[in-house]
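The values are calculated or read from the model by the stated rules, or taken from the named source; none is laboratory data. These figures come from a predicted structure and were not determined experimentally. Cβ atoms come from the backbone with ideal geometry, glycine included; neighbour counts cover every protein chain shown.
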Amino acid sequence: MSLSCYFRNCVQMSTIFNNANLKSGSRHCYILLLIFVVIYIFIGVLWYKRDSLVMQSISSIALYGQSEKPLNIAIVVITNDGGTKGYSYAIDTVKCYCKIQGYDFVLAGNVQNSSCNHSDHYFRRHCHVANILVTGKYDYLLFIDADIGVVNPNRRIEEFIDPKFDIEFYDRFVNQEIMMGSYIVKNSDWSINFLRNFANYQYRLPIGKGLQHGTDNGGIHAYIAEILYEKTRHIELTNCKKIYNQSRSWTDLFVFESCIRDMMGVNTDFGHILIFKKGEGWARDNWLTNNMINLNRDFMIHAWKDKQLTKYGKDLPLKIGYKHRARWFNPLVGRIDLAKCNPKNTSWNYNPNLITTKEVIDAELERMYAAIEMEKIDRLSKMMEFIRRVDSKSR
Ligand SMILES: *[C@@H]1O[C@H](CO)[C@@H](O)[C@H](O)[C@H]1NC(C)=O
Ligand SMILES: *[C@@H]1O[C@H](CO)[C@@H](O)[C@H](O)[C@H]1NC(C)=O
Ligand SMILES: *[C@@H]1O[C@H](CO)[C@@H](O)[C@H](O)[C@H]1NC(C)=O
Ligand SMILES: *[C@@H]1O[C@H](CO)[C@@H](O)[C@H](O)[C@H]1NC(C)=O
């Protein structure tokens, strides 16, 4: 007798006002009740003794993403000479952050050697990231451009890790690009292959005088689209490639990228690859919100180059227009003191004039998002010019 059937019988029998039946029916009910009580206590005991073997195996199945063993994560920064020159403000915050949260910090030089012999240093760096994975020291790497700094050292990288994916990117806010300057990559054969083949994409870029292929920023779109759609969507992909093959400026490149993103749609899940929506990744550009930050919302900020740091004066309200967007104000007061960075000290000194509410940041980003979406539509409308030009030549 199945449990539900048993239960139904039990209820039925106790509602029928028949003496004989009631007696045997209620005996069944007591047994059933007793079984439930025993199971309840058993589960309760196990719950409080979470380290018992049974509980461990239950929790490792049921508690998605909360593995017992903490992940070994490193933040990787690759500079030309392996030094911090030109990026010291950003890198100091990252170093301090790693000491606070217990992540390794790996600063590597972008050497050209027989293992990573790419002449384009933008592509070459992804070959080096693959080599760091191969050492087997880390479960995950967070690769960041040298000009990305941390503003909120209380956040954790794990917040962004979904073990389902091998590599995670985020959408660059200001255009239709997948942001190539930062990704979270799992140590897997798939990821190592992905990064190595991507570095080798240098040799598969469109060739021609005066072409603007955008190095790895442009190449990633062609590369990912080939992985996803080479077999199933070759007609759409060929149209996008016709644009890439003629790209002579950033404007042209953005048309190509919009073409690819149009194929990819509004999805974020691409099998092995996750791409966070605009504004939902771990970092964003400083100038989007005129350098204002909110610590409940922001984690890392992009575009902190030492030489663009603009001294903060008394000239309130602060204003950095689009034209000067490479400039930045430092939301941190004074330099980070690396000797004072440890898990017990998460209090950094902020400039109160650069802190605002989450609502203000969200509203500003929403406004920008809408404007950038219009630019995307405009770019998509230019696709035809490129495609016609190729088609008329080949006729
Ligand atoms: C890189 O490759 C080129 C051409 O394939 C070769 O001539 C050169 O020696 C290589 N450099 C290194 C450092 O392996
Ligand atoms: C080349 O550089 C990588 C770092 O990506 C290093 O692991 C490797 O040992 C170097 N190879 C040679 C032959 O020097
Ligand atoms: C793009 O150019 C390459 C050569 O650089 C060529 O092999 C390819 O067929 C072209 N693709 C399209 C779609 O025009
Ligand atoms: C905590 O770390 C910050 C950043 O380095 C530093 O400015 C501050 O003085 C430290 N606080 C303490 C109590 O050590």
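What to note about this one:
- In the stretch 320-369, the residues that are part of a helix (DSSP H, G or I), modelled with pLDDT of 95 or more and farther than 23 Å from GLU280 by Cα: LEU338, ALA339, LYS340
- Meets criteria (modelled with pLDDT of 95 or more and in a helix (DSSP H, G or I)) for ILE372: yes
- Among strands (runs of 3 or more DSSP E) entirely within the stretch 77-175, having at least 2 residues that are of a type in the set (Asp, Glu) and crowded, with 18+ Cβ neighbours inside 10 Å singles out no element at all.
- Test: ALA130 is over 16 Å from the mean Cα position of the chain (by Cα), touching a residue at least 60 places away in the same chain (Cβ under 8 Å) and under 20 Å from PHE270 (Cβ atoms): yes
- Checklist (1) within 24 Å of ASP378 (Cα to Cα); (2) touching a residue at least 40 places away in the same chain (Cβ under 8 Å); (3) surrounded by 17 or more Cβ atoms within 10 Å (Cβ to Cβ) applied to ASN294, failing item: (1)
Every residue, every condition in (1) polar (S, T, N, Q); (2) in contact (Cβ under 8 Å) with a residue 24 or more places away in the chain; (3) in contact with a helix residue (DSSP H, G or I) (Cβ under 6 Å, 6 or more places away or on another chain), yes or no:
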position	(1), (2), (3)
ASN200	yes, yes, no
THR215	yes, yes, yes
GLU230	no, no, no
VAL255	no, yes, yes
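- Any hit, the stretch 107-114, residues being in contact (Cβ under 8 Å) with a residue 24 or more places away in the chain and more than 16 Å from ligand 1 (Cβ to nearest atom): yes
- From THR251, THR215, THR289, THR232, residue being of a type in the set (S, T, N, Q) and modelled with pLDDT under 95: THR289
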